[in-house]
Amino acid sequence: MVKIKLLYGIAFALTTLTSYPAPAQLMESTGNRSESIAVEFKEPDYSGDAPSGRRRGTGSRGDCPMAVSETGGNLSVTPVIDNDSRGWTVNESPTIWVHVSYESESVERVLYGEFSLQDLTTQTKLAPKYLPVTLPSRSGVFSIPLPYSLEVGKWYRWYLILDCNSPDLFDNDSFLFIEGFLKRVELPEFKDHLDNKTSQKLITVYAQNGIWYDALNESAKLRCSNPQNYTFTEAWSRLLKAVELDKIAQESLICRE
């Protein structure tokens, strides 16, 4: 992965505000009572120290002309986040979700990448500086649990860089990277709302307080626990549509075992 590490110099040199609330209240039948999931993501006030970026992938050859053994096909990768690539978390070690799309139904050659997290205050990378990531072999939305310990009040910039080189072409410096920003926040009045909350209620609280990464992750966990549940699927869809990711909202969720 030496080549990928060299590409971080390019990635750090490359770096738009929109809000798309999508109010909805979904009802789930639980025994003799109904459980509601109110899904209305409210973008927080990012004024002041907040950075901004772009959601689409960037690379030396566009989307990533990956040479896949016996199948061929192109790859595109999209971070599941708002258009300006920013988001809050209240967790010390949050989870990031990424959408991967292959031209073919599935691939035989596994594609690897490296994840990196930069402290924007000190302009340094957190250890491990290069976290290996293995992409799924089919299209869908997958998770990257972060092993880092984030400090409250700090903005971080994360990168996922993929080596798109063909195994048959030695001089093909083709890569793709995506990025995003995250900040760990601690709101005293918000913390009181988290105690003894079910996952359904957590989604509501997170979304209403602009905590994107955690609202998305709780919604994903519910979908993974019961993929046939219409309420959970709709809650996930509403969240993604709130940040104009309508197409990805219909994609498969690749859950960890």
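The values are calculated or read from the model by the stated rules, or taken from the named source; none is laboratory data. If you're wondering where the values come from, they're calculated on a predicted model, not measured in any experiment. As a convention, Cβ positions derive from the backbone with ideal geometry for all residues, glycine included, and neighbour counts pool all protein chains shown. The accessibility values were calculated without ligands, DNA or RNA, using every heavy atom of the protein model including side chains. Shrake-Rupley method; radii C 1.70, N 1.55, O 1.52, S 1.80 Å.
Could you please find all residues in segment 106-139 being polar (S, T, N, Q) and open to solvent by less than 20 Å² (accessible area, probe 1.4 Å)? If the condition is that a residue be polar (S, T, N, Q) and open to solvent by less than 20 Å² (accessible area, probe 1.4 Å), then S116, Q118 are the ones that fit.
The number of residues in segment 209-232 that are among the hydroxyl-bearing types (S, T, Y) and touching a helix residue (DSSP H, G or I) at 6+ places or on another chain (Cβ under 6 Å) comes to 1.
Of all residues assigned to segment 134-151, at least one qualifies as being out of contact with any helix residue (DSSP H, G or I) (no Cβ under 7 Å at 6 or more places or on another chain), at pLDDT 95 or above and β-branched (V, I, T). The set of residues in segment 197-237 that are assigned to a helix (DSSP H, G or I) and charged (D, E, K, R) comprises K201, D214, E218, K221, R223, E234.
What about E251, is it within 26 Å of N83 (Cβ to Cβ) and either open to solvent by less than 30 Å² (accessible area, probe 1.4 Å) or in a loop (DSSP other than H, G, I, E, B) (or both)? Answer is yes for this residue.
Of all residues in segment 102-158, those satisfying the criterion of being polar (S, T, N, Q), out of contact with any Lys or Arg (no Cβ under 7 Å at 6 or more places or on another chain) and assigned to a loop (DSSP other than H, G, I, E, B) are S104, T122, Q123, S137, S139, S149. Of all residues in segment 88-103, those being open to solvent by less than 30 Å² (accessible area, probe 1.4 Å) and out of contact with any helix residue (DSSP H, G or I) (no Cβ under 9 Å at 6 or more places or on another chain) number 3. Filtered by the rule that a residue be open to solvent by less than 60 Å² (accessible area, probe 1.4 Å) and either modelled with pLDDT under 70 or among the polar types (S, T, N, Q) (or both), segment 183-207 gives F190, L194, S199, Q200, T204. Is it the case that some residue within segment 73-82 is of a type in the set (V, I, T), assigned to a strand (DSSP E or B), surrounded by fewer than 21 Cβ atoms within 10 Å (Cβ to Cβ) and at pLDDT 70 or above? Yes; the residues of segment 73-82 include at least one that is of a type in the set (V, I, T), assigned to a strand (DSSP E or B), surrounded by fewer than 21 Cβ atoms within 10 Å (Cβ to Cβ) and at pLDDT 70 or above.
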